Amino acid sequence: MRRGWDYAALSCIAITIVIFHFLVFRTRIEITSAPKDSLLIFRHKVTLETADIFIIYKDTTMIRKAKDDFKARTLAALPTLLEKLAYICSLQTSEGAYEHWGLTRVFGEGESQAAIGTAHAETAAELTRLSVREIYKEFLDATDKPISATSIKPENFVLKAPVTDDGLLSAHLRLIQESVVSLAREERSNRPTA
């Protein structure tokens with residue numbers, strides 16, 4: 001019964017958005033068939049521009065575990081493993097706890113700490129399996145992007161291990177970080193100046 005209510009509510013919202021777009025932006029509206037994992041898709045072409053705009057309403061089934069929520073909603077927005085780990089490290093305080101307001105608000109302090117800690121350990125272990133060349137390529141790709149809240153900035157790029165680490169992972173991450181920073185510094189100094 002809950003799913004039917006979600007579909008009805010989203011349908012009303014979607015129709016309101018489509019009517020708004022039609023009235024304000026003078027758009028032509030085409031309703032297309034929805035993929036299996038979506039509730040609705042409205043496709044409309046903006047008459048003032050040449051771009052197609054897609055409004056997609058995904059299945060809004062509540063994710064029940066903090067770990068799954070953190071991976072699906074937060075980490076999925078970051079394209080590379082290095083960016084995911086750098087982001088998780090940015091959440092870690094000097095005491096080793098994690099600060100993530102939204103996750104803590106929804107799941108509570110204990111569950112959010114455990115979820116981020118688990119994701120931190122898994123992501124760090126996965127990164128150590130990559131070659132330095134692959135990690136450096138991810139670093140260059142991440143630092144070449146326009147500056148945003150989740151961008152890696154070379155001057156404050158830090159990789160830290162979870163508090164539960166035995167010391168080996170921490171040493172490995174420190175070597176990776178130093179190698180990547182050293183390669184970037186070397187590349188900048190070898191660039192010809194005009």
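The values are calculated or read from the model by the stated rules, or taken from the named source; none is laboratory data. Remember, predicted model here, so these are calculated numbers, not experimental data. Note that we place each Cβ from the backbone using ideal geometry, even for glycine, and neighbour counts take in every protein chain shown.
A few points about this structure:
- Residues of segment 88-109 that turn out to be under 19 Å from ILE135 (Cβ atoms) and surrounded by fewer than 18 Cβ atoms within 10 Å (Cβ to Cβ), as a count: 1
- Annotation note: Cβ proximity below 7 Å between a residue of segment 61-72 that is of a type in the set (Phe, Trp, Tyr) and a residue that is modelled with pLDDT of 90 or more (sequence gap 6+ or interchain) occurs for PHE70/LEU103; PHE70/ALA115; PHE70/ILE116; PHE70/ALA119.
- Residue within segment 118-130 that is without any contact (Cβ under 8 Å) to a residue 40 or more places away in the chain and under 22 Å from ILE176 (Cα atoms) present: yes
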